[in-house]
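What follows is a single structure, written as structure tokens, with notes after it.
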Amino acid sequence: MSLLQMEEVSSGYGTMRVIHGLNFSIEPGERIGLVGLNGHGKTTLISTIVGMTGWQDGSIEFMGQQIGGRRSHGVGRNTPKIVRSGIAIAPQGDAIFPGLSVEENLDSGAYTDGAWKTRKRRRDSVLEVFPPLRSRLKQSAGTLSGGERRMVSVGRALMADAKLYLVDEPSLGLAPKISIGLVAALCEIDLGDGAMLIAEQNLPLLSGKCDRILGMHAGELKEDVGEALGDIPPAAEMS
Amino acid sequence: MIELLASALVLASMYGLVAVGISLTWSSVGMLNLAQGFVFTAGGYVAFLFAQYMAKNFSIRDGVILSLGVVFLGMLGSAVAGLVVGGLAFLPLHDRINFPVRGLIATLAISIIGTQVFMLIFGPQSKPLPQIFGIKRLKIGEFSIAYGQIGTIVVATIVLLLVTLWMRNSRRGLQMRAMMMNPLGANMVGVSVRTTGMIALALSGALSGLASVLLGQIFFVSPTSGVQPLIVGLIISLAGGLGSMPGTVAAAVLLGLAEAVTARYTEQSFVPFVQFALVIAILTFRPRGLGGVLEDVRE
């Protein structure tokens with residue numbers, strides 16, 4: 001059974017349709033790259049999965065449970081329930097909590113009961129992925145640099161006891177060196193039977209590191225674009 | 001001197017309880033709750049009904065059980081009133097456009113209707129509450145302080161301390177603070193804005209209810225007795241910095257002191273002037289208030 005199965009999913013904001021009848025599935029253990037230009041629906045696809053678009057239609061099944069359906073209002077009303085059922089999001093930009101310490105920001109990601117009880121252990125494993133945060137645990141998150149804020153945002157998503165991680169544009173607005181490190185760290189995490197979807201504009205960052213790379217164009221998915229672009233060298237060699 | 005300090009701290013306790021409630025709702029729910037006065041009065045009337053019932057049916061007019069009952073039911077009554085306000089003004093409106101303005105209007109309506117309902121049921125006369133701390137006075141040298149004053153200060157301090165600790169250390173507290181900083185982000189880590197908002201409203205209601213019962217020791221409960229605490233609570237929560245417990249408490253002490261000193265050495269009618277002047281001064285030098293934890297006040 002697929003971890004996430006989307007059938008004929010459309011969504012958008014107001015009178016605008018951004019996602020056009022998507023069919024798409026994620027298998028357990030997969031790490032998927034989602035590439036495409038600005039404004040072609042990458043972020044909207046992620047928002048649709050967690051019910052944060054203005055309206056949506058079509059079936060989204062997560063671990064056999066329907067989390068989609070037809071909806072024309074109540075933006076984000078189902079999001080907490082969907083997140084708690086096992087989907088963690090690291091949103092575009094970083095929706096961190098500026099006045100809370102880094103530690104509290106991370107803890108807030110461990111929302112489900114199981115994750116909350118094991119939050120110390122989880123925090124340690126997040127700190128192994130992002131060592132620069134270790135010395136800043138007690139510092140207010142609003143005072144961090146852009147790269148560190150993004151680490152907090154992604155780290156907060158990793159704190160959750162989730163089966164599916166949705167990471168939206170981890171490299172956005174970061175210096176090339178920092179974004180290479182961040183994406184590399186994301187690609188090294190052991191997912192077990194979970195899965196991860198990384199939306200990214202910068203294709204070379206992902207090439208060779210994901211199981212599948214899907215292209216997003218004008219609200220429609222182009223299947224595996226990774227092979228067609230196979231001759232692009234990985235980012236580390238480019239710089 | 002001690003008497004002056006005592007009356008200042010009594011005022012500070014009452015204002016602090018109301019202001020912390022208003023500050024909590026304003027910063028986490030994102031709604032300026034103008035019905036907080038209605039919530040405040042509701043607790044006073046519930047406590048009054050309980051005292052009346054006990055006096056009529058069991059002839060109990062004082063004692064520990066009555067006191068505890070009055071405090072508990074006052075808090076419960078206001079917490080329920082807070083949930084009613086949430087059900088009418090928060091749940092149906094919070095994800096519509098322009099929620100801050102709509103919420104403001106909705107709570108204003110609840111406040112006006114609530115006052116009239118109390119007027120209809122209980123009449124315009126003031127109702128007394130039983131003296132929960134007794135009527136004796138503690139003598140220190142040539143000064144004397146009423147037990148009621150000491151009790152008010154102690155209870156308010158303990159409750160505010162507990163709420164502060166809860167906000168700082170518990171999971172719900174973390175959720176609530178997360179929601180204050182970034183409601184969208186909180187939603188994305190699985191914090192239900194609706195549930196947390198209702199908890200905030202109930203909690204701020206309970207704090208107002210406690211203040212209402214404590215104020216009932218000095219004044220009587222009347223349909224409009226929530227107006228003054230609402231106004232002072234609002235300016236204190238602004239001066240203290242929205243969402244900051246220590247800032248709000250500090251502002252409450254400052255304004256309580258200002259009120260006590262002004263009333264003692266000049267006239268009671270000068271009190272609002274001094275209070276507002278003080279708040280304007282604070283906000284001039286610290287635009288985010290004394291505590292100022294929020295990066296930017298929610299629009």
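The values are calculated or read from the model by the stated rules, or taken from the named source; none is laboratory data. All of these numbers come straight from a predicted model, not from anything done at the bench. Neighbour counts are summed over all protein chains in view; Cβ atoms, including those assigned to glycine, are modelled from backbone coordinates with ideal geometry. Protein only, heavy atoms only, side chains kept; ligands, DNA and RNA dropped before computing areas. Shrake-Rupley method; radii C 1.70, N 1.55, O 1.52, S 1.80 Å.
For B:Val221, the residues 5 or more places off, or on other chains, whose built amide H falls under 5 Å of its own are B:Lys127, B:Leu129.
Given R₀ = 56 Å, FRET efficiency for B:Phe220-A:Gln139 by Cβ-Cβ distance, to 0.05?
Working: r = 51 Å, r/R0 = 0.90.
Here the calculated transfer efficiency is 0.65.
Considering helices alone, the calculated mean residue ellipticity of chain A at 222 nm is -8000 deg cm²/dmol, with DSSP H runs of length four and up weighted by -39500 (n - 2.57) and normalised per residue. Taking all protein chains together and rolling a 1.4 Å probe, B:Trp166 ends up with roughly 80 Å² accessible.
Express the carbon and sulfur contribution to the solvent-accessible surface of region B:16-225 as a percent, rounded to the nearest whole number, probe 1.4 angstrom. Before the final figure, lay out the partial values.
Details: 6400 of 9030 Å².
The value for region B:16-225 is 71 percent carbon and sulfur by accessible area.
Going from the chain on its own to the full set of protein chains, region B:149-179 has these residues losing 50 Å² or more of accessible surface (heavy atoms, 1.4 Å probe, no ligands, DNA or RNA): B:Arg171, B:Leu174. Taking the Cα centre of chain B as reference, the dipole from Cβ charges on Lys and Arg (+1) and Asp and Glu (-1) amounts to some 460 debye. With the gyration tensor restricted to C-alpha atoms of region A:1-94, the semi-axes of the equivalent ellipsoid amount to 18, 16, 14 Å, longest first.
For region B:249-263, the Karplus equation 6.51 cos²θ - 1.76 cosθ + 1.60, evaluated at θ = phi - 60°, returns couplings of 5, 4, 5, 5, 5, 4, 6, x, 4, 4, 5, 4, 5, 4, 5 Hz by residue, with Gly and Pro reported as x. The H on the amide N of B:Leu242, modeled in the peptide plane, is under 5 Å from the matching H of B:Gly292, each at least 5 residues off or on a different chain.
Mind checking region A:117-179 for trypsin sites (Lys or Arg not before Pro) that DSSP puts in a loop (not H, G, I, E or B) and that have at most 14 other Cβ atoms within 10 Å? List each step's numbers first, then the result.
On the way: sites: A:Lys117, A:Arg119, A:Lys120, A:Arg121, A:Arg122, A:Arg123, A:Arg134, A:Arg136, A:Lys138, A:Arg149, A:Arg150, A:Arg156, A:Lys163, A:Lys177; in loops: A:Lys138, A:Lys163.
Within region A:117-179, the qualifying trypsin sites (Lys or Arg not before Pro) (loop, at most 14 other Cβ atoms within 10 Å) are A:Lys138.
Helix screen, chain A: no DSSP H segment has Cα axial length of 27 Å or more and mean Kyte-Doolittle hydropathy at least 0.5. Computed with the Debye formula from one identical point scatterer per Cα of region A:71-179, without solvent, the log10 of I(q)/I(0) at q = 0.15 Å⁻¹ comes to -0.61. In the context of the full set of protein chains, residues of region B:16-225 present 43 Å² of accessible surface per residue (probe radius 1.4 Å, heavy atoms only). A cut-off of 5 Å between modelled amide H atoms, ignoring neighbours fewer than 5 places along the same chain, links A:Ala90 with A:Leu166, A:Val167, A:Asp168.
Can you give me the C-alpha center-to-center distance between region A:135-213 and region B:108-159, rounded to a whole angstrom? For region A:135-213 versus region B:108-159, the Cα centre distance is 55 Å.
For chain B, the 222 nm mean residue ellipticity estimated from helices alone, with every DSSP H stretch of n ≥ 4 adding -39500 (n - 2.57) and the total spread over all residues, rounds to -24000 deg cm²/dmol.
By the scheme Lys and Arg +1, Asp and Glu -1, what is the net charge of all other residues having a beta-carbon under 12 Å from that of B:Met245?
+2
Computed over the alpha-carbon atoms, the protein assembly as shown gives an Rg to Rh ratio of 1.07, Rh here being the Kirkwood radius from the mean inverse distance.
Decide, for region B:167-299, between rounded, prolate and oblate: order the square roots of the alpha carbon gyration tensor eigenvalues as a ≥ b ≥ c, take rounded if a/c falls under 1.5, and otherwise choose prolate if a/b is larger than b/c, else oblate.
Here region B:167-299 falls in the oblate category.
The mean sequence separation of alpha-carbon pairs under 8 Å and at least six residues apart, normalised by the residue count of chain A, gives a relative contact order of 26 percent. Interface B-A: total buried accessible area of about 2200 Å², 1.4 Å probe, protein heavy atoms only.
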